[in-house]
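What follows is a set of notes on a single structure, which appears directly below.
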Amino acid sequence: AEKPTVTELDGGSWGEGRRVFYSDAASCGKCHAIHGSGPKIGPDLTNLVHRDYSSVLRDIRNPSFAMNPDHLGQIILTTDGQVLTGVIR
């Protein structure tokens, strides 16, 4: 089966997208894995190719729009006063 084209991505560059993903400005690659490789703070983004363009764009522009409950960050204050930040697994 032929993969459908996404008009909004015409003229885009896979390499440039990868550079932005791992850039300090975007910081996507600091939390998200792809194909199981990378940090596991946020969800693995391998499935993005199977989602519709508008929902992916929405999640990029507003990352808190739909939070995966398995990846909600927590701040914990221990009884000895230590502050821990992260995702509970």
Rounded to the nearest 500, the 222 nm mean residue ellipticity computed for the chain from DSSP H runs (n ≥ 4, each -39500 (n - 2.57)) alone is -5500 deg cm²/dmol
If you roll a 1.4 angstrom probe over the protein chains with everything in place, what fraction of the accessible area of the chain belongs to carbon and sulfur, to the nearest %? 58
Solvent-accessible area per residue for the range 24-85 at a 1.4 Å probe radius, Å²? 76
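How would you rank 52-64, 75-87, 23-35, highest first, on the average number of other Cβ atoms within 10 Å across their residues? Before the final figure, lay out each step's value.
Values: 52-64: 11.0, 75-87: 8.3, 23-35: 13.4.
Top of the packing list down: 23-35, 52-64, 75-87.
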Read-out percent of Cα pairs over 20 Å apart, candidates [x] 36; [y] 46; [z] 32; calculated match is [y]
Between Leu9 and Arg61, 0.36 nm times their residue separation minus their Cα-Cα distance comes to what? 17.1 nm
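The values are calculated or read from the model by the stated rules, or taken from the named source; none is laboratory data. What you see is a predicted model; the values in this text were computed from it and never measured. Methodologically, a virtual Cβ is constructed for each residue, glycine included, from the backbone with ideal geometry; neighbour enumeration extends over all protein chains shown. What goes into the accessible areas is simple: the full protein's heavy atoms, side chains included, and nothing from ligands, DNA or RNA. Shrake-Rupley method; radii C 1.70, N 1.55, O 1.52, S 1.80 Å.
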